[in-house]
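Worksheet: the structure to be examined is printed underneath.
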Amino acid sequence: MSRYAVLIAARMGSSRFPGKTLSEINGKPMLEILVDRLKYSKNIGKIIVATTESEVDDAIEKWCALKNHLCYRGSKDDVLQRLLDAANYFKLNTIVEVLGDNPFIHSDLVDDTINLFSRSEYDYVATITNEYGILRPELKRFPIGIRVQVFSMATLRRCAKLAKQKQYREHATSFIIENKNIFKMGFIEANNQFNSCNRPELTFAVNLRKNFELINNLYNECIKINPNFSIQDLISVYDSNPDWHWMMGNE
């Protein structure tokens, strides 16, 4: 199997938690933790950070240069166009997309998502979380923040051409999800070896400072188990520390 490029959509200008992308966890920027975890994938080659042209994101470009990571800067609000422009710039045929505020994505999920995409004729494959509100409720879902998406360049181009409304430009793949008559989709459920990960009520994305405090606590405990700790490890540590549970959520 050929190796794939991953695009990390990341920015510093979050209204609810400015600067979160490079906020440090155990001495490492959150973005670095995500990159390090992606490197465990058997199928990932290039890792590209797709950030914005805003001045505040100069810091991300400087960090990428310091760490010798590829970086592309594009539209601040039109994330769909930013991903398309980055994919065109680096001449990608297939895109693996993850979000910079999802530091706990695991390499096994990355590889399973890529493997399903590569052996099928799907236009789009992803792990299922509650971010996909329109999907059948019986599907078993991972926590929010454990999302990996894989799609072809042709799919991205078609999406960018058809998706006109603002919400589709800001949430780059939402048009795909809402148009199963146009795009052929496959999903990785939280079942079989991931059965214990069927916890859709949990959120491991970083949107608020309290989320970040939770992520910091979890990371510091989980790396004692394994530097490449699993989602199962993550959930087990979370469940074992009920005094941290107030930090979860978006309010």
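Reported value for segment 36-104: 97 Å³ per residue, from the convex hull of its C-alpha atoms. Based on the Cβ-Cβ distance from Trp244 to Asn130, what FRET efficiency comes out when R0 is 22 Å, to the nearest 0.05? In this case the efficiency is close to 0.60. Remark on segment 109-165: ratio of C-alpha radius of gyration to 2.2 N^0.38 Å is 1.23.
Taking the centroid of alpha carbons for each part, segment 109-139 and segment 26-87 are 23 Å apart.
Remark: segment 1-121 is approximated by an ellipsoid whose semi-axes, taken from the C-alpha gyration tensor as √(5λ), come to 23, 17, 12 Å, largest first. From helices alone, the chain scores -9500 deg cm²/dmol at 222 nm; the rule is -39500 (n - 2.57) for each run of n ≥ 4 DSSP H residues, then divide by the residue total. A rounded overall shape is assigned to the chain, the ratio a/c of its alpha-carbon gyration tensor axes (a ≥ b ≥ c) being less than 1.5. Here segment 4-26 is scanned for amide nitrogen atoms under 14 Å from the site 7 Å beyond the Cα of Leu66 along Cα-to-Cβ, giving 21-25.
Split the accessible area of segment 67-144 by element, probe 1.4 Å, and carbon with sulfur accounts for 43%. If you take the Cα Rg of segment 114-245 and divide it by 2.2 N^0.38 Å, with N the number of residues, what do you get? Output field value: 1.18. Summed over the residues of the chain and divided among them, the accessible surface reaches 45 Å² per residue at a probe radius of 1.4 Å.
What shape does segment 55-160 have by the C-alpha gyration tensor, where a ≥ b ≥ c are the square roots of the eigenvalues, rounded means a/c under 1.5, and otherwise prolate means a/b greater than b/c and oblate the rest? Cα axes put segment 55-160 in the prolate bin.
Full extension of the chain between Asn198 and Arg119 yields a length gain of 26.0 nm, computed as 0.36 nm times the residue separation minus the alpha carbon distance.
In this label model, Ser236 and Asp58 are separated by 4.6 nm, measuring between points 7 Å along each Cα→Cβ vector. The slack in the chain from Asn220 to Asn191, taken as 0.36 nm per residue of separation less the alpha-carbon distance, amounts to 7.7 nm.
Rounded to the nearest 20, the size of the Cβ-charge dipole of segment 170-235 about its Cα centre is 40 debye, with Lys and Arg at +1 and Asp and Glu at -1.
For the peptides 215-223, 236-244, the ranking by packing is 215-223, 236-244, with the highest mean count of neighbouring Cβ atoms within 10 Å listed first. Shown in residue order for segment 51-63 are the 3J(HN,Hα) couplings computed by the Karplus curve 6.51 cos²θ - 1.76 cosθ + 1.60 at θ = phi - 60°: 10, 9, 7, 5, 4, 4, 8, 4, 5, 5, 4, 5, 5 Hz (x for Gly and Pro). Close amide H contacts of Gln149 (hydrogens built in the peptide plane, cut-off under 5 Å, sequence separation of 5 or more or a different chain): Glu97.
The values are calculated or read from the model by the stated rules, or taken from the named source; none is laboratory data. Because the structure is a prediction, the values reported are computed rather than measured. In this analysis, Cβ positions are derived from the backbone assuming ideal geometry, glycine residues included, and neighbour counts consider all displayed protein chains. Side chains included, ligands, DNA and RNA excluded: accessible areas come from the protein's heavy atoms. Shrake-Rupley method; radii C 1.70, N 1.55, O 1.52, S 1.80 Å.
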